[in-house]
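Chemist: One structure, as structure tokens, below. Some questions next.
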2 protein chains.
Amino acid sequence: MSRHDESAPTLATVAEAAGVSRQTVSNALNSPDLLRPETLVRVQEAIDRLGYSPNRAARSLRTRSSHLIGLRVDAAVEDSANALMDRFVHTLVESTEVVGYHVLLFTAGDHDTPEPYEELLRSAAVDAFVLTDTFLGNPQAAWLAGRGVPFVAFGRPWDDPTARHPWVDVDGHAGVALAVDHLVERGHTRIAWVGWQKGSFIGEDRRSGWVTRLHEHGLSTSRLSARGEDTLEFGTRAAHALLDVAAEERPTAFVCASDTLAMGVLRAVDVLGLRPGRELGVVGFDDSIAAQVCTPALTSVRQPLEEVAVEVVRGLGALLAHRPVGQPGRVLAPTLSIRSTS
Amino acid sequence: MSRHDESAPTLATVAEAAGVSRQTVSNALNSPDLLRPETLVRVQEAIDRLGYSPNRAARSLRTRSSHLIGLRVDAAVEDSANALMDRFVHTLVESTEVVGYHVLLFTAGDHDTPEPYEELLRSAAVDAFVLTDTFLGNPQAAWLAGRGVPFVAFGRPWDDPTARHPWVDVDGHAGVALAVDHLVERGHTRIAWVGWQKGSFIGEDRRSGWVTRLHEHGLSTSRLSARGEDTLEFGTRAAHALLDVAAEERPTAFVCASDTLAMGVLRAVDVLGLRPGRELGVVGFDDSIAAQVCTPALTSVRQPLEEVAVEVVRGLGALLAHRPVGQPGRVLAPTLSIRSTS
DNA sequence: GGTGGGCAGTTGATCGATCCAATCTCTCAC
DNA sequence: GTGAGAGATTGGATCGATCAACTGCCCACC
């Protein structure tokens with residue numbers, strides 16, 4: 001009856017069991033190449049036998065790094081197809097685990113303040129952040145960068161091309177261009193845009209794909225564009241308005257800035273008794289779950305969220321190792337998921 | 001030029017600034033009522049002035065609690081409407097923050113092993129877990145409980161009513177009964193069930209709501225039930241099969257075990273040229289985003305995920321305070337979100 | 001007047017890992 | 001045979017908080 005079994009094994013316990021010192025056990029874990037092979041084996045056995053895992057708090061305290069990455073989750077918006085985070089978060093968690101990190105979730109209340117970020121950083125709860133809600137340019141990126149908070153952004157620093165923080169983004173322009181090409185190939189010549197109000201950089205990026213691509217195909221964009229909020233209702237209203245013209249001016253296809261808007265367009269189309277598909281094309285953006293399961297299934301631009309997550313983690317790695325980043329940003333190409341509405 | 005400004009303030013720094021001892025500062029944070037009001041104010045000022053937040057690693061090491069809750073995220077399934085986690089996760093994060101905790105995400109690989117859970121617990125990375133994927137009974141709950149891992153489950157221990165771990169669940173039976181009542185009120189008398197294969201406790205619970213409620217209304221269930229996998233395709237196949245009978249035997253409404261299945265049913269209905277709504281009712285389960293934005297919008301049973309999250313956190317609180325739980329489980333009532341398909 | 005008790009605040013030890021500098025053990029060259 | 005030097009291991013100090021025990025101090029009570 002040696003020792004009470006209740007307390008978890010520590011470095012010292014393992015060291016004693018293996019007949020070596022604490023430091024040797026620590027080296028076995030952190031720099032195994034420093035040990036003689038036979039010693040390493042002996043230590044490993046003791047570790048396995050005792051079921052030892054190093055205490056994170058202790059390691060964290062000493063090394064001054066928690067091996068945690070902060071990710072802010074904001075309130076889920078109802079009635080909108082914006083559930084693309086699921087896919088992203090999962091890959092992010094998987095990728096971070098590969099490099100020995102975990103993801104910590106937090107909320108930041110209603111208004112954007114740096115407080116929660118700084119608090120987590122000051123208390124050494126996380127080593128860095130991943131920013132995702134860079135919807136309207138990213139004001140946060142600016143103030144976080146200014147305060148020396150380490151982070152990688154999913155989204156370009158639109159408003160400040162000189163920003164030096166690492167970021168990853170998806171080429172919205174190219175995504176919409178893909179959609180336009182596809183619709184043109186299907187024979188459409190009057191392709192409308194349903195997007196967001198001016199002021200959103202992402203929205204303008206996506207829209208520019210529509211404008212330039214139509215022009216490159218020698219097609220007109222005039223009287224084919226609608227702008228408003230990112231809601232189902234606006235999508236429906238916009239479609240009604242765009243279709244309420246003389247037959248020869250009527251668009252035969254809609255490219256939308258989001259799946260939410262596209263679903264709104266589909267609703268209008270349904271009310272008017274038109275059948276989406278070859279005759280009337282509709283393309284969304286995000287390839288949300290709703291796009292996949294609704295009837296008719298929505299053709300949509302798919303962001304390579306898995307790749308984005310991997311790149312974000314790569315950026316985090318460089319950031320935390322204080323490796324200088326050559327070019328801070330990376331733009332990835334989306335693909336088109338073709339379904340029934342085109 | 002006192003001290004290099006780089007390093008973050010610690011208890012000692014604050015203590016010196018306020019002219020008190022470390023412990024007094026610690027007390028100011030953890031048991032303010034131990035201090036004389038004027039001392040408390042003085043310490044508070046120093047804390048604010050220096051921008052001090054206690055180091056979590058150090059606190060964690062000493063108190064043996066990380067104030068982190070582990071939540072496993074599994075691979076997002078494509079082509080299925082199961083995105084109900086978003087809503088749950090957000091409320092969970094918010095509720096845990098209120099009681100001073102944070103949520104840590106992790107994955108458990110493909111097969112279910114207790115390894116990742118035990119590893120996180122052994123290394124003191126988390127204090128407890130929240131289990132959510134208790135889809136088919138919950139095997140994990142059993143082995144986690146057996147190994148003394150503290151957790152609260154979202155989902156009943158169907159296979160072991162004597163289990164003592166805390167859990168929260170939603171009454172699937174009642175949810176489906178709600179759907180049946182609603183359809184009966186709309187005048188339907190031949191109401192079909194599209195659900196999962198036998199062997200899933202949740203599936204049987206939901207189905208039982210359909211069976212007993214129809215019988216209570218004096219309606220028949222014979223030849224009105226289909227069972228299969230939780231996919232869009234099966235929903236479509238099942239609907240085709242159920243509708244392929246003599247007109248007077250044909251169901252006029254479908255209650256489904258999930259939104260995914262309901263979307264499949266809608267697809268079949270669409271192909272057959274029927275219009276869902278008053279004449280042909282379809283009700284799903286989960287009130288997923290897809291249900292909300294698709295056309296026609298799907299009537300669906302809505303789980304009170306916000307309440308569930310709050311209850312889960314309450315359970316965690318009791319668990320971590322070693323407060324004995326009287327009755328370990330709590331069943332919450334779902335509601336019905338009525339939309340166009342009924 | 002001595003004891004006892006509550007209040008306010010202090011000090012040293014401790015949690016479990018890693019860092020650091022010093023030591024020990026070889027092997028090999030001269 | 002000795003010293004250099006790399007390879008492997010050691011004990012002590014440290015990260016920053018909390019715990020436990022202790023010191024004054026003041027007032028009440030017998």
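What follows draws every value from the coordinates through simple rules; no lab data is involved. Given the structure is predicted, the values throughout are model-derived calculations rather than measurements. Don't worry about glycine lacking a Cβ; one is built from the backbone with ideal geometry, like all the others, and counts go over all protein chains shown.
Chemist: To the nearest 20 Debye, how big is the dipole of segment B:11-54 about its Cα centre, given +1 on the beta carbon of each Lys and Arg and -1 on that of each Asp and Glu?
Modeler: On the way: 4 positive and 5 negative charges, 16 e Å.
Dipole magnitude for segment B:11-54 comes out near 80 debye.
Chemist: Given the convex hull of the Cα atoms of segment A:11-54, what is a quarter of its surface area in nm²? The partial results should precede the final answer.
Modeler: Working: hull surface 9.9 nm².
Value for segment A:11-54: 2.5 nm².
Chemist: Ok, one more. Could you give the C-alpha radius of gyration of segment A:202-297 expressed as a fraction of 2.2 N^0.38 Å, taking N as the number of residues it contains?
Modeler: Dividing the Cα Rg of segment A:202-297 by 2.2 N^0.38 Å gives 1.03.
Chemist: Just to confirm my numbers, what's the Cα centroid distance between segment A:92-122 and segment B:7-47 in Å?
Modeler: Computed from Cα coordinates, the inter-centre distance equals 28 Å.
Chemist: Where nothing but the Cβ of Lys and Arg (+1) and of Asp and Glu (-1) is charged, how large is the charge dipole of chain B around its Cα centre, in debye to the nearest 20?
Modeler: Working: 33 positive and 43 negative charges, 135 e Å.
Magnitude of the dipole: close to 640 debye.
Chemist: Using Cβ contacts closer than 10 Å as the measure, can you line up A:Ser220, A:Ser200, B:Ser258 from fewest to most?
Modeler: Result, fewest neighbours first: A:Ser220, A:Ser200, B:Ser258.
Chemist: Next question. Give me the compactness ratio for the protein assembly as shown, meaning the Cα radius of gyration over 2.2 N^0.38 Å.
Modeler: On the way: Rg = 28.3 Å, N = 684, 2.2 N^0.38 = 26.3 Å.
The reported ratio for this selection is 1.08.
Chemist: What does the copy distance list look like for B:Asp48, label position 7 Å along Cα→Cβ, in nm and ordered from shortest?
Modeler: Counterpart label points of B:Asp48 in the remaining copies fall at 5.8 nm.
Chemist: On alpha-carbon atoms, Rg over Rh for segment B:122-266 using Kirkwood Rh? The partial results should precede the final answer.
Modeler: Working: Rg = 18.2 Å, Rh = 16.7 Å.
That ratio is 1.09, to two decimals.
Chemist: A further question on this structure: Extent of chain A along each principal axis, from alpha carbon coordinates, in Å, largest to smallest?
Modeler: Dimensions of chain A along the principal axes of its Cα atoms: 91, 39, 35 Å.
Chemist: Over segment A:172-302, what is the relative contact order in percent, taking alpha-carbon pairs closer than 8 angstrom and at least six residues apart? Don't skip to the answer; put the middle values down first.
Modeler: Details: 246 pairs, mean separation 33.9, N = 131.
The value is 26 percent.
Chemist: Moving to a separate point now. Counting other beta carbons within 10 Å of each residue's own, what order do B:Cys294, B:Cys256 fall into, fewest first? Could you put the intermediate results ahead of the total?
Modeler: Working: B:Cys294 31, B:Cys256 34.
In order of increasing Cβ crowding within 10 Å: B:Cys294, B:Cys256.
Chemist: Another question, if that's okay. Once amide H atoms are built 1.01 Å from N in the peptide plane, which residues 5 or more positions from A:Val170, or in another chain, come under 5 Å H to H?
Modeler: Sorted by chain and number, the residues that satisfy this are A:Leu332.
Chemist: For A:Gly281, enumerate residues with amide H under 5 Å from its amide H, sequence gap 5+ or separate chain, H modeled in the peptide plane.
Modeler: Amide H neighbours of A:Gly281, under 5 Å, 5+ apart: A:Ala253, A:Phe254.
Chemist: What ranking do A:Val313, A:Val245 get, fewest neighbouring Cβ atoms within 10 angstrom at the top?
Modeler: On the way: A:Val313 24, A:Val245 11.
Ascending Cβ contact count within 10 Å gives the list A:Val245, A:Val313.
Chemist: Can you give me the long-range amide H partners of B:Trp196? Hydrogens built in the peptide plane at 1.01 Å from N, cutoff under 5 Å, separation of 5 or more residues or another chain.
Modeler: Amide H to amide H, under 5 Å and 5 or more residues apart or across chains, B:Trp196 pairs with B:Gly228.
Chemist: Among B:Pro324, B:Trp158, B:Gly148, pick out the residue whose Cα is farthest towards the positive end of the charge dipole of chain B, where Lys and Arg carry +1 and Asp and Glu carry -1 on C-beta, about the Cα centre.
Modeler: Checked the options; the winner is B:Pro324.
Chemist: Oh, and also: ³J(HN,Hα) across segment B:24-39 via Karplus (A = 6.51, B = -1.76, C = 1.60, θ = phi - 60°), whole Hz, x for Gly/Pro?
Modeler: Once θ is set to phi - 60°, the couplings for segment B:24-39 become 5, 5, 4, 5, 4, 7, 9, 9, x, 6, 7, 9, 5, x, 5, 5 Hz.
Chemist: Mean residue ellipticity at 222 nm from the helices of the protein assembly as shown, using -39,500 (n - 2.57) per DSSP H segment of n ≥ 4 over the full residue count, to the nearest 500 deg cm²/dmol? Spell out each step's value before the answer.
Modeler: Details: 26 runs with 290 residues, N = 684.
One gets -13000 deg cm²/dmol as the mean residue ellipticity at 222 nm.
Chemist: Which length gain, in nm to one decimal place, applies between B:Ala108 and B:Ser337 when the Cα-Cα distance is subtracted from 0.36 nm times their residue separation? Show your work: numbers first, answer last.
Modeler: On the way: separation 229, 0.36 × 229 = 82.44 nm, distance 3.38 nm.
Here the answer is 79.1 nm.
Chemist: From the phi angles alone, apply the Karplus equation (6.51, -1.76, 1.60; θ = phi - 60°) to segment B:237-242 and give each ³J(HN,Hα) in whole Hz, x where the residue is Gly or Pro.
Modeler: Residue by residue, segment B:237-242 yields 4, 4, 5, 4, 4, 5 Hz.
Chemist: In debye, nearest 20, what is the charge dipole magnitude of the protein assembly as shown about its Cα centre with +1 on Lys and Arg Cβ and -1 on Asp and Glu Cβ, if you could check? Kindly include the intermediate steps, with their values, before the conclusion.
Modeler: Numbers: 66 positive and 86 negative charges, 155 e Å.
It works out to roughly 740 debye.
Chemist: For segment B:309-319, what does the Karplus curve 6.51 cos²θ - 1.76 cosθ + 1.60, with θ = phi - 60°, yield as ³J(HN,Hα) per residue in whole Hz, taken in order and with x for Gly and Pro?
Modeler: Calculated HN-Hα couplings, in order: 4, 4, 5, 4, 5, 4, x, 4, x, 4, 4 Hz.
Chemist: Nearest 10 degrees is fine. How inclined is helix A:85-98 to the longest principal axis of chain A, computing both from alpha carbons?
Modeler: The helix A:85-98 is inclined about 30 degrees to chain A.
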